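Participant: Sending over a structure as structure tokens; questions will come in a sec.
Just so it is clear, none of the values below were taken in a lab; they were calculated from the coordinates. Computed from a predicted model, the values in this text were never measured in an experiment. Methodologically, a virtual Cβ is constructed for each residue, glycine included, from the backbone with ideal geometry; neighbour enumeration extends over all protein chains shown.
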Amino acid sequence: MKAILNLVLAALLPILVAVPATLAFVKWREASDLTSRLEASSRKVEELEGEAKDLKERNDELDGQLREASKRLAEAAQGKAGVQGAVCPEPAPLVPVAAGDTPRHEPQARYRPGALRLTTRSNGLVLTVAPGSSLRLGPDSLELVSVHFVRTEPTAGQGGVAPLTVRLVHRKEGSDQLVVLSVPVRESAFQHRTIWHIWNHIPALGVPEVTVPDVSIDPSSFLPEGRAFELLEGPLTLPPCAARARFYQFKDAIGIGKDQIERFLARTKSSAR
């Protein structure tokens, strides 16, 4: 009997030893699998956090672009309202200034190139000039604020001059006084390079001001070689608009191509001046 018990114990002993070891192995395997799953989950969480960060940065970037677009839209709407709301006087003939009414200083232009900013009006184009360009008239310095391309009727003695005048409009600081350098235009066999750039970006009537940063416009390219002038007075029929402005009407004209003149006349109506 004792021998039988010994045999039974001998047979059970490996089992009794193997069961705890098996249980321990199973627990270790489960723990290892759980650890792997936790590590995989941690990596996934990190990936999701990275994607969330990228999405937030992209969202912030889009918000910035949206704010900038809204700002530009508001500025464009304001500019359009300003242009459409500007009330200019009716065209009228310019009249000579009496010899003793004002000193006749020779205008000295000090202009700087700037980005193209253009608005279309029914009777012409308005080129807004960047700050920094000025005109010296004796002791006075005036800022160049805009350049007008106006459809006009040639006056007596202006044979061969086209129905287009370039007007460089200046304002004296702290004053409503406007001084205009008025330059006649004649037909030329050659294209005017600056006019060519401007004509290629003429906006439709009623469209807010168009800005073309990569096109630089030098206002001095509109001045004639000869600087002899006649001093006149009259209304300014494009913004900034004035019932009375002083005009330095140059006798020499600048030349532009025939097709450039025709393109301008096709986009504007006569101001009957």
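Participant: Can you list the aspartates and glutamates whose alpha carbon sits under 17 Å from that of LYS258, skipping same-chain ones fewer than 8 residues off?
Facilitator: GLU153, GLU187
Participant: 7 Å from Cα along Cα→Cβ at both GLU90 and GLN108: what's the point-to-point distance in nm?
Facilitator: Going from the GLU90 label point to the GLN108 one covers 4.2 nm.
Participant: Let me ask another. Over all alpha-carbon pairs of region 95-267, lay out the pair-distance distribution in 5 Å bins, whole %, shortest bin first.
Facilitator: Taking every Cα pair in region 95-267, the percentages come to 1, 8, 18, 22, 22, 16, 8, 3, 1, 0.
Participant: Also: With N set to the residue count of region 171-223, report its C-alpha Rg divided by 2.2 N^0.38 Å to two decimal places.
Facilitator: 1.46
Participant: Quick check for me: using +1 on Lys/Arg Cβ and -1 on Asp/Glu Cβ, what's the dipole size of region 95-267 about its Cα centre, in debye to the nearest 20?
Facilitator: The dipole magnitude comes to about 100 debye.
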